[in-house]
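Undergrad: Dropping the structure in here first, questions after.
The values are calculated or read from the model by the stated rules, or taken from the named source; none is laboratory data. A quick note: this is a predicted structure, and the numbers were derived from the prediction, not measured. Methodologically, a virtual Cβ is constructed for each residue, glycine included, from the backbone with ideal geometry; neighbour enumeration extends over all protein chains shown.
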Amino acid sequence: MKSAMPAVVNFAAAPHSVELREVARPEIGPRDVLLQVRAVSVCGSDLHQWLGGASWKVNYPVVLGHEFGGVIAQAGREVKGFSEGDRVVSETAAVIDEQSPLSRQGLYNLDPNRLGFGYGVDGAMTEFVKVPARCLHRIPDSLAFEKAALTEPCCVAYNAVCMNGRVQVGDTVLVLGPGPIGLLCAVMAKLAGARHVIVAGMPADAKRLAVAKQLGAHATVTGDPLPAVRELGDGLGVDVVIDAAGVSATLQTAMQAVRPGGQILKVGWGPQPLNFSLDPLVLKAVQLHGSFSHNWPVWERVIAMLAAGQINLDPVISRVGTLGDWHECFEKMHTGEYVKAVLTPGS
């Protein structure tokens, strides 16, 4: 194997401080594997770092990419249950405190010492990545790596809607923000039994809203979703609002759209100050529930769903390119032309 390899590296906090660089092939420890990356999906957080808008600490320079799968090229001497040649995907919690109370509960995704691939440690937008064996999940031969790379965002959506959410059969659901996570949340809401799913976006989201309809959304809205919400049922609002927009202002829309006793699921990151009152949460006795990341049982469930064909990713994957295509993929995801782009290092 080559000692140096190309990688998409975020080297500073300033906007557009990302470029293709040569990096050293990583050395693994006794409980790690060296994973040959077959596919890595571009996430909105990769775009935030590229645009200089990350609201989380980044350990520069760092190789981007945390949604990935590949083949084990080498296993550390203490690794059990995995062997060279295994097809796997990886969770994102690259560094955790395994002795913390949260990790002992299986909630290592909430461990405050957690570091993820692509910002805390080097990620997978390269040919080989070092991965702790505890992060790995096998995938069947029938699941293509291009789709397997989207296991992680599917897990974000599943954890939000099906674990932290309380969507029931017959519910009405509003999704704010038709980015990849919002679209996948809409899919999960439908699978959970929602009878009416609305996906709302802005004029620039036209292509993504069209994908929402392909994925089974009952309606899409451009701009203010409240008139469409008032036409549903008794007009009191939707049962569940999923805020996946990534801006703080949409929480105000969510509070207006949710019915009394309903639930708001906050999935999107929004570092901006709110500048509005949260009194509607009190007046309506609404549950506001944040959702972050995922854990082992969520991954196992989602992989089984992907293998069974329950989650249709064909409309979501707009582009499969090489590592050298990273800039085009970032640009077109940023403009909304692509929903999701997948890179195939080594091809």
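Undergrad: Filter region 83-113 for residues that are touching a residue at least 40 places away in the same chain (Cβ under 8 Å), assigned to a loop (DSSP other than H, G, I, E, B) and either surrounded by 16 or more Cβ atoms within 10 Å (Cβ to Cβ) or within 19 Å of the chain's Cα centre (by Cα) (or both) and give the result.
TA: Residues satisfying the conditions are ASP86, GLU91, THR92, LEU107.
So that you can scan it fast, the table gives a plain yes or no per residue for (1) among the aliphatic types (A, V, I, L, M); (2) within 20 Å of LEU313 (Cα to Cα):
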{"position": "ILE198", "(1), (2)": "yes, yes"}
{"position": "VAL221", "(1), (2)": "yes, no"}
{"position": "ASP243", "(1), (2)": "no, no"}
{"position": "GLN263", "(1), (2)": "no, no"}
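Table: residues versus (1) more than 22 Å from MET333 (Cα to Cα); (2) exposed (fewer than 15 other Cβ atoms within 10 Å of the Cβ); (3) acidic (Asp, Glu).
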position: GLY177; (1), (2), (3): no, no, no
position: GLY193; (1), (2), (3): yes, yes, no
position: THR220; (1), (2), (3): no, no, no
position: GLY237; (1), (2), (3): yes, no, no
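Undergrad: Do any residues in region 201-229 that are touching a residue at least 40 places away in the same chain (Cβ under 8 Å) have Cβ atoms under 9 Å from those of residues that are surrounded by fewer than 17 Cβ atoms within 10 Å (Cβ to Cβ) and part of a helix (DSSP H, G or I), where the two are at least six apart or on different chains, and which pairs are they?
TA: What qualifies is ALA204/THR335; THR220/ALA210; THR220/LYS213; VAL229/GLN256.
Undergrad: If VAL131 satisfies all but one of (1) crowded, with 20+ Cβ neighbours inside 10 Å; (2) farther than 20 Å from TRP269 by Cβ; (3) out of contact with any helix residue (DSSP H, G or I) (no Cβ under 8 Å at 6 or more places or on another chain); (4) not assigned by TED's automatic domain parsing to the domain that holds GLY29, what's the number of the condition it fails?
TA: So the condition that VAL131 fails would be (4).
Undergrad: Would you mind finding the one in GLY324, GLY309, GLY246 that is within 29 Å of PRO345 (Cα to Cα), surrounded by fewer than 15 Cβ atoms within 10 Å (Cβ to Cβ) and touching a residue at least 40 places away in the same chain (Cβ under 8 Å)? Explain how you work it out, then say what you get.
TA: On the way: GLY309 fails: touching a residue at least 40 places away in the same chain (Cβ under 8 Å); GLY246 fails: surrounded by fewer than 15 Cβ atoms within 10 Å (Cβ to Cβ).
After applying the criteria, what remains is GLY324.
Undergrad: Any residue at all in region 36-43 that is in contact (Cβ under 8 Å) with a residue 60 or more places away in the chain, of a type in the set (A, V, I, L, M) and not in a strand (DSSP E or B)?
TA: Within region 36-43 (the criterion being in contact (Cβ under 8 Å) with a residue 60 or more places away in the chain, of a type in the set (A, V, I, L, M) and not in a strand (DSSP E or B)), the answer is yes, since at least one residue qualifies.
Undergrad: Okay, next question. Got a sec? Which of VAL129, VAL71 is more than 30 Å from ALA192 (Cα to Cα), part of a strand (DSSP E or B) and in contact (Cβ under 8 Å) with a residue 40 or more places away in the chain?
TA: VAL129
Undergrad: Considering only residues that are at pLDDT below 95 and among the hydroxyl-bearing types (Ser, Thr, Tyr), which ones fall in region 1-44?
TA: Passing the criteria: only SER3.
Undergrad: Just one of GLY123, GLY116 is in a strand (DSSP E or B) and either surrounded by 19 or more Cβ atoms within 10 Å (Cβ to Cβ) or of a type in the set (Asp, Glu) (or both); which is it?
TA: GLY116
Undergrad: Right, next: Determine, yes or no, whether ALA285 is over 22 Å from LEU143 (Cβ atoms) and touching a strand residue (DSSP E or B) at 6+ places or on another chain (Cβ under 8 Å).
TA: So ALA285 passes the test.
Undergrad: Answer yes if at least one residue in region 270-282 is within 28 Å of ILE139 (Cα to Cα), in contact (Cβ under 8 Å) with a residue 40 or more places away in the chain and in a loop (DSSP other than H, G, I, E, B), and no otherwise.
TA: No, the conditions are met nowhere in region 270-282.
Undergrad: All but one of (1) under 24 Å from ARG134 (Cβ atoms); (2) touching a helix residue (DSSP H, G or I) at 6+ places or on another chain (Cβ under 8 Å); (3) not basic (Lys, Arg) hold for GLY44, so report the exception by its number.
TA: Only one criterion in (1) under 24 Å from ARG134 (Cβ atoms); (2) touching a helix residue (DSSP H, G or I) at 6+ places or on another chain (Cβ under 8 Å); (3) not basic (Lys, Arg) is unmet by GLY44, namely (1).
Undergrad: Mind checking which residues of region 257-286 are surrounded by fewer than 15 Cβ atoms within 10 Å (Cβ to Cβ) and within 16 Å of LEU236 (Cβ to Cβ)? Lay out the reasoning, then the answer.
TA: Restricting attention to region 257-286, the residues satisfying the condition of being surrounded by fewer than 15 Cβ atoms within 10 Å (Cβ to Cβ) are 260-261, 271-279, 282-283, 285.
Across region 257-286, the qualifying residues are PRO260, GLY261, LEU283, ALA285.
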